[in-house]
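Have a look at the structure below, then the notes.
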Amino acid sequence: MGIKALFCILFIISLSHSILSKPGDKKPSGLTLKLIHRDSIESNDLSRIEKFRKIVDRSKLRANSLMSLTAASEENPTEVQPPFSYESSSYVVHLSVGTPPTVDSYLILDTAAELTWLQCDGCIGCFKQEQRLYNPDDSSTYKLVPCDHPLCEPYECNHNHCKFKEWDSTDVHVEGFMSIDRFDFDRYGFERNSTVLDEVVFGCAYGTVGFGFEDNPDNKIDGVFGLGPGPRSFASQFAPQGVFGYCLADWHFGPPEYPGKLMLGDDALLPISGHVQITPIVQTDARSYFLKLADIQINTNCLGFEPGKFDRAINGHGGFIIDSGTSISYFANDVYDRVRQVFVDYMKTLGLPEMDASSHHLDLCWHMPNGFPSNLPSMTLYLQDNEYPDEPADCGNQVGAQFIIDPMGLFHIEEKEDPHLCLGIMRSNGTDPTLNILGAKQQIGNKFSFDGHNKTLSWMTWDCDLPPK
């Protein structure tokens, strides 16, 4: 069946659904959800090192896909990109959709995607999933989004119904109808206690191409939970100010044993007291969160990069983004070379012999013949301070918002078998080798708060085991 014929059928079916909406129950001011590591819901018999390699390999694919997205720009609209498939975050959100809840869904968290979507019954050429597909006819609260809805723009209109198409590249795209239904979430820390959100706008996908989930025969992922910049983001729908936050559970050689937290609205706010750092989010035409990084310090060694080194170029290349979906961090080639050498020299002073890192699919690993060293280095990223926008961040003078990555965030540490540690940073080798990415591993031990209205990112050190507010 052709996609046009399918859309005609969907239009006829949609006549039985009301487009006008009734106001639902008042939304809570804040919400905290479990942020589940993707590998913890997949059944496999992989060893610890095999699980680790899988995470690193997925991180490389994710970094490459981000580079392909950021490299495309208005300056180079016809720039040819190599084929790639969508590779997503390592974290999922669990929810139910419809009234009554018709399906249990795992949606992949993506801070570089604005639209939340899931595959729907009748989907053509879609990736396989273990759960049955969401069927709008089974939900009494399902509605199609009309073309005059503010979240329809700039999508196209099809018989007064909003039809979406999202293209990551010619190899990766999803299309369907913008829809409205009820989402039911399990609240973090509350057994048998859920939060229902009415009138959630999302994409009901009837065609997907290039999504890597299909490589797993037991795939449990149904779609994407979009938290990227923009009005369709779930954070923007939940709260007018578009505030969301998260803290990530630590992991070394394999997924964490406990979930992290995804926080929306008031739950994402940081306390007034405490050592809170704030940096502006750089406004771009890209879907990722770009930050203004100025310099890098390793222990007391300030690397002294020239001003503007980490800025995004006019052609869309380069820059510095924060991404929870990339498991490890990536630096541009020349930046990485300098960072790498500092770590190599420092480990020599600790007497740690370098080992072959290729079995871990990384670049730098060291044996720990005498156990875990007590004086491993930390790394500090100097970013523009939001309170002093006219004063450039400066590593040498200790000026700017400081993001400190402690040794547990810098290194993957194995203390059980053949004790060793590996640096969780690699060089950027994709279509945009000048892009720098702050990955998930280096974000652990912090709570982040993204403010979509004020365009700021705040953070402070945080124990992810703390109960929700």
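With 23 Å as the cut-off, how large is the P(r) tail for the range 337-437, expressed as percent of Cα-Cα pairs?
Working: 1917 of 5050 pairs.
That tail contains 38 percent of the Cα-Cα pairs.
Could you tell me how many cubic angstrom of Cα convex hull volume the range 285-403 has per residue?
145 Å³
When N is the residue count of the range 109-241, what does its C-alpha Rg come to as a fraction of 2.2 N^0.38 Å?
The value comes to 1.05.
Give the angle, between 0 and 90 degrees and rounded to the nearest 10, that separates the Cα long axis of helix 48-71 from the longest principal axis of the Cα atoms of the chain.
Once rounded, the angle reads 70 degrees.
Percent of Cα-Cα pairs more than 14 Å apart in the range 85-125, please. Don't skip to the answer; put the middle values down first.
Working: 467 of 820 pairs.
Tail of P(r) above 14 Å: 57 percent of Cα pairs.
Consider just the alpha-carbon atoms of the chain and return their Rg together with their Dmax, both in angstrom.
Over the chain's Cα set, Rg and Dmax evaluate to 22.4, 73 Å.
Convert 10 °C to kelvin, take the viscosity as 1.306 mPa s, use the Kirkwood radius over C-alpha pairs of the range 187-333 as Rh, and evaluate the Stokes-Einstein diffusion coefficient in µm²/s, rounded to a whole number. Write down the numbers at each step before the final one.
Numbers: Rh = 19.1 Å.
This corresponds to a translational diffusion coefficient of 83 µm²/s.
Determine how many Å³ per residue the convex hull of the Cα atoms of the range 262-326 encloses.
Normalising the Cα hull of the range 262-326 by residue number yields 155 Å³.
From zero outward in steps of 5 Å, how is the percent of C-alpha pairs of the range 131-173 spread across the bins?
Spelled out per bin, shortest first, that is 5, 19, 16, 18, 23, 14, 4, 0.
May I ask for the angle, rounded to the nearest 10°, between helix 333-349 and the longest principal axis of the chain, with both axes built from Cα atoms and the value confined to 0 to 90°?
That helix lies at roughly 50 degrees to the long axis.
Against the longest principal axis of the chain, how steep is helix 3-14, in degrees 0 to 90 to the nearest 10, with axes from Cα atoms?
The angle comes out at about 60 degrees.
Whenever you get a sec, compute what percent of the accessible area on the chain sits on carbon and sulfur atoms (1.4 Å probe).
Accessible surface attributable to carbon and sulfur in the chain totals 52 percent.
Beyond 17 Å, what share of the Cα-Cα pairs of the range 429-469 remains, rounded to the nearest whole percent?
52 percent
How much of the DSSP bridge set in the chain is antiparallel, in percent, rounded to the nearest 5?
Percent antiparallel among DSSP bridges in the chain is about 85.
Hey, what number do you get for the chain at 222 nm if only DSSP H runs of n ≥ 4 count, each worth -39500 (n - 2.57), divided across all residues, to the nearest 500?
Here the helix-only value at 222 nm equals -4000 deg cm²/dmol.
With the cut-off at 30 Å, tell me which of the pairs K292/K441; K309/K447; K309/K441; K220/K455; K220/K292; K27/K455 have Cα atoms farther apart than that.
Numbers: K292/K441 20 Å; K309/K447 27 Å; K309/K441 23 Å; K220/K455 34 Å; K220/K292 36 Å; K27/K455 23 Å.
Violating the 30 Å Cα-Cα cut-off are K220/K455; K220/K292.
Please compute the contact order of the range 359-431 in relative form: average sequence separation of alpha-carbon pairs under 8 Å and at least six residues apart, divided by the residue count, as a percent.
Contact order relative to length: 37 percent.
Ratio to report: Rg/Rh of the range 296-350, with Cα atoms as the point set and Rh obtained by the Kirkwood method; give two decimals. Could the numbers behind the result be given before it?
Values: Rg = 13.3 Å, Rh = 13.1 Å.
Result: Rg/Rh = 1.02.
Given that compact globular proteins tend to follow 2.2 N^0.38 Å, what is the ratio of the alpha-carbon Rg of the range 103-164 to that value?
1.27
The values are calculated or read from the model by the stated rules, or taken from the named source; none is laboratory data. It should be emphasised that the depicted structure is a prediction, and the values quoted were computed from it without experimental measurement. SASA here: full protein model, heavy atoms, side chains in, ligands and nucleic acids out. Shrake-Rupley method; radii C 1.70, N 1.55, O 1.52, S 1.80 Å.
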